[in-house]
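To keep things clear, I will list the structure first and then write my remarks on it.
The values are calculated or read from the model by the stated rules, or taken from the named source; none is laboratory data. Since we're looking at a predicted model, the values are computed, not measured. FYI the Cβ positions are ideal-geometry reconstructions off the backbone, even for glycines, and counts take in every protein chain you see. SASA here: full protein model, heavy atoms, side chains in, ligands and nucleic acids out. Shrake-Rupley method; radii C 1.70, N 1.55, O 1.52, S 1.80 Å.
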Amino acid sequence: MIQINGNEAMQADGMSIADYLLSEGYVLSHIAVERNEVIVSKKDYADTRIQDGDVIEIVQFMGGG
Amino acid sequence: MIENDTFTLGGHTFSSRFILGSGKYNLDLIRAAVSDAGAQIITLAVRRANTKDSENILDYIPEGVTLLPNTSGARNADEAVRIARLAREMGCGDFVKIEIMHDSKYLLPDNYETIKATEILAKEGFIVMPYMYPDLNAARDLVNAGAASIMPLASPIGSNKGLATKEFIQILIDEIDLPVIVDAGIGKPSQACEAMEMGAAAIMANTAIATAGNIPEMAKAFGLAIEAGRRAYLSGLGRVLNKGGEASDPLTGFLHN
């Protein structure tokens with residue numbers, strides 16, 4: 001199983017992080033990505049393939065105190 | 001003296017002593033709140049991104065304002081460290097406000113986990129500003145862990161109840177050699193002013209402004225109150241008599257001399 005932001009996302013299997021983010025419409029300058037609790041830096045988006053078992057978090061800033 | 005009055009956090013110098021929280025606003029009111037408050041630092045939260053939101057809060061924050069991401073949502077040191085690293089990855093600087101809570105009723109911070117997270121993040125080069133329960137022993141541990149400031153709470157987050165912990169914040173101001181920034185619970189400009197008169201380095205407020213009737217006006221009122229309190233502190237407050245009164249007019253020289 002692949003989990004992205006808490007949802008099952010088997011359609012991302014085999015995609016690079018870069019391709020997945022673009023296909024979903026994320027604005028790359030506004031987000032950060034964590035794969036299995038390790039940060040994926042922007043320069044590695046294209047070379048990092050999403051595979052079965054991955055837990056991916058994509059975050060951004062929101063209002064907060 | 002107030003003209004050159006600044007304070008420093010991790011090598012960065014600030015002249016405004018008002019840190020604005022960005023929660024609970026309509027995005028289009030944030031810019032006004034920042035500029036009317038004269039704030040140079042604004043806090044942000046880190047949350048799962050949603051591609052359906054076409055707007056991003058960063059587009060509403062004026063240029064030159066320092067971003068202070070918080071670790072809200074973290075229940076222990078490890079989660080706070082994860083959030084801080086993600087925030088830094090977004091490329092908005094090294095500041096982080098550590099906020100660790102697992103009590104959903106009072107939202108009180110866990111000082112022990114906060115000290116652990118401070119130590120890890122300070123070693124990684126973060127400018128660490130821990131939100132804490134005002135306890136002197138914990139504050140000393142935070143200093144030793146490498147904090148750039150301490151942020152004791154005035155009363156529970158979002159309560160607008162004011163300086164419930166006043167005596168204990170005063171102890172921190174007197175004993176801790178870092179900027180003491182009063183955070184959480186400040187509900188009115190008068191309370192912000194009072195904390196500044198006590199010698200706080202700065203005030204952080206969010207709910208008091210975000211839930212006010214007129215947000216830009218309340219932001220301005222807070223800015224003025226914080227400046228007034230700072231001026232009063234630098235001036236040295238007048239003494240308080242234990243009992244009785246003391247005339248402020250000359251008592252001799254006319255009717256009954």
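Here's a check for you: in the stretch B:81-125, which residue that is small (Gly, Ala, Ser) and within 14 Å of another protein chain (Cβ to nearest Cβ) is farthest from the chain's Cα centre (by Cα)?
B:91
Look through the stretch A:10-19, keep the residues that are part of a helix (DSSP H, G or I) and either aliphatic (A, V, I, L, M) or within 11 Å of chain B (Cβ to nearest Cβ) (or both), and return whichever of them is farthest from residue B:55 (Cα to Cα).
Per the criteria, the residue is A:10.
Can you confirm whether the stretch B:115-125 contains a residue that is touching a helix residue (DSSP H, G or I) at 6+ places or on another chain (Cβ under 9 Å) and closer than 26 Å to residue B:208 by Cβ?
No, there is no match, as no residue in the stretch B:115-125 is touching a helix residue (DSSP H, G or I) at 6+ places or on another chain (Cβ under 9 Å) and closer than 26 Å to residue B:208 by Cβ.
Can you tell me which condition residue B:173 does not meet? The list is (1) in a strand (DSSP E or B); (2) open to solvent by 20 Å² or more (accessible area, probe 1.4 Å); (3) aliphatic (A, V, I, L, M), and all the others hold.
Evaluating residue B:173 over (1) in a strand (DSSP E or B); (2) open to solvent by 20 Å² or more (accessible area, probe 1.4 Å); (3) aliphatic (A, V, I, L, M) leaves (1) as the failure.
Would you confirm whether any residue within the stretch B:51-58 is in contact with a strand residue (DSSP E or B) (Cβ under 9 Å, 6 or more places away or on another chain) and modelled with pLDDT of 90 or more?
Scanning the stretch B:51-58 turns up no residue that is in contact with a strand residue (DSSP E or B) (Cβ under 9 Å, 6 or more places away or on another chain) and modelled with pLDDT of 90 or more.
I'd like to check something: does the stretch A:26-48 contain any residue that is of a type outside the set (Ser, Thr, Tyr), within 12 Å of another protein chain (Cβ to nearest Cβ), in contact (Cβ under 8 Å) with a residue 24 or more places away in the chain and in contact with a Cys (Cβ under 9 Å, 6 or more places away or on another chain)?
The answer is no; no qualifying residue exists.
Identify all residues within the stretch B:1-49 that are touching a residue at least 40 places away in the same chain (Cβ under 8 Å), surrounded by fewer than 21 Cβ atoms within 10 Å (Cβ to Cβ) and assigned to a strand (DSSP E or B); write none if there are none.
B:7, B:8, B:12, B:14
Condition test on residue B:157, is it assigned to a helix (DSSP H, G or I) and either open to solvent by 20 Å² or more (accessible area, probe 1.4 Å) or within 14 Å of chain A (Cβ to nearest Cβ) (or both)?
No: the conditions fail for residue B:157.
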